[in-house]
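Okay, so here's the structure we're looking at.
Every read-out reported here was derived from the displayed coordinates using simple, explicitly stated rules and does not represent laboratory data. Since this is a predicted model, take the numbers as computed values, not measurements. Note that we place each Cβ from the backbone using ideal geometry, even for glycine, and neighbour counts take in every protein chain shown.
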Amino acid sequence: MRRIAIACEKGGVGKTSLAVGLACGLAQLGHRVLVMDTDNQAAATRWLGREHMPGLTRSFAGNLPLERLVQTTCAERVEIIPASTSLATLERSLYGIPHAVTFLGQAIDELDQERWDYLICDTPPSLGIIVNAVLTAVQELIVPVEARPMGLAGLSRILSTAGRTQRRLNHSLCEARLVISRANHTDVSRSVEAQVRKRYGARVFSTAIPERISIARSSGLGIPVSVQEPKGLVAKIYRKLAREVRAIETVSRTGSPPMRSPTATGLT
Ligand SMILES: Nc1ncnc2c1ncn2[C@@H]1O[C@H](COP(=O)(O)OP(=O)(O)O)[C@@H](O)[C@H]1O
Ligand SMILES: [Mg+2]
């Protein structure tokens, strides 16, 4: 099971839409995906047709196996560990407990690694203990960069936080990759995208997520665009991104064998 975090300190940059869209894209390629929603706002949970559920906070503290929290979603092959409202006070409850940021990684190690091909962790817009615990637990980080004038603003802090986590706590965390999000045809959007690609080169996925009203609308409906219109343009874009993600070579932290072949879904 590959473990991927979607993170950026800035809110509204497209973390949750990326987590949900990528999960659905991978699932449409035939992979089994587990989404973990670590943001107490529960946007990913609701987008996948579920509601807040108690429990995840206890798993962060090492007191509840994650397996017990897994729920099905409205998307085939996508399951979710829903957000719990008490994630808002997690910082306080773990304060002063030694090695608290490592508990989540241990809880993920205890999941059945053969049951899912990917774990996608959506995170809150902060750089507190939740994001630190997630970065300590995963191998990969994807940061959405909004194609807007301030798009690059939140980037340096998440990249330096990830670098620090990699050096101190998680040597298997790979260099972060970036996805351009909410791209449109304006000069500003094009110029930000060009700057990001020039500066970060191959670390930027060639697939950019466009600004689409269907994405904005679907967030409130509790059903991802890829489920509403599996053959539509947005679903196709997420599958293209999913193929790029799939193509990345990674060394599994748990040393688990390579993933089995995905189930054919007939979608291109
Ligand atoms: N590509 C997009 N096209 C149109 N609207 C989008 C797109 N991505 C995100 N949005 C809108 O912006 C809001 C914030 O995006 P979201 O993914 O929740 O950001 P974050 O998780 O970083 O706070 C979403 O509710 C959605 O309505
Ligand atoms: Mg979000």
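Computed quantities for the displayed model
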{"item": "Exposure proxy ranking, count of Cβ atoms within 10 Å, fewest first, for Ile158, Ile81, Ile4", "result": "Ile158, Ile4, Ile81"}
{"item": "Those residues of segment 171-193 whose amide nitrogen sits under 17 Å from the label point placed on Ser206, 7 Å along Cα→Cβ", "result": "178-180"}
{"item": "Residue exposure sequence - Asp109, Asp37, Asp122 - by fewest surrounding Cβ within 10 Å", "result": "Asp109, Asp122, Asp37"}
{"item": "Mean separation of Cα contacts under 8 Å, 6 or more apart, over the residue count of segment 2-247: relative contact order %", "result": "27 percent"}
{"item": "Amide N of segment 163-193 lying under 18 Å from the label point, which is placed 7 angstrom from the Cα of Ala216 along Cα→Cβ", "result": "181-190"}
{"item": "Overall form of segment 167-227 per C-alpha gyration tensor (a/c, 1.5; a/b vs b/c)", "result": "oblate"}
{"item": "Neighbour-count ranking [beta-carbon atoms within 10 angstrom, fewest first] of Met150, Met36", "result": "Met150, Met36"}
{"item": "Local electrostatic count at Arg46 - Lys and Arg +1, Asp and Glu -1, tallied over other residues with Cβ under 13 Å", "result": "-3"}
{"item": "Local electrostatic count, Ala235, Cβ distance below 12 Å [Lys/Arg +1, Asp/Glu -1]", "result": "+4"}
{"item": "Cα pair distances in the chain, grouped into 10 Å bins until the bin that holds the longest one, percent each", "result": "7, 32, 39, 19, 2, 0"}
{"item": "Extension reserve of the Thr265-Ile97 stretch, reckoned as 0.36 nm per residue once the Cα distance is removed", "result": "55.9 nm"}
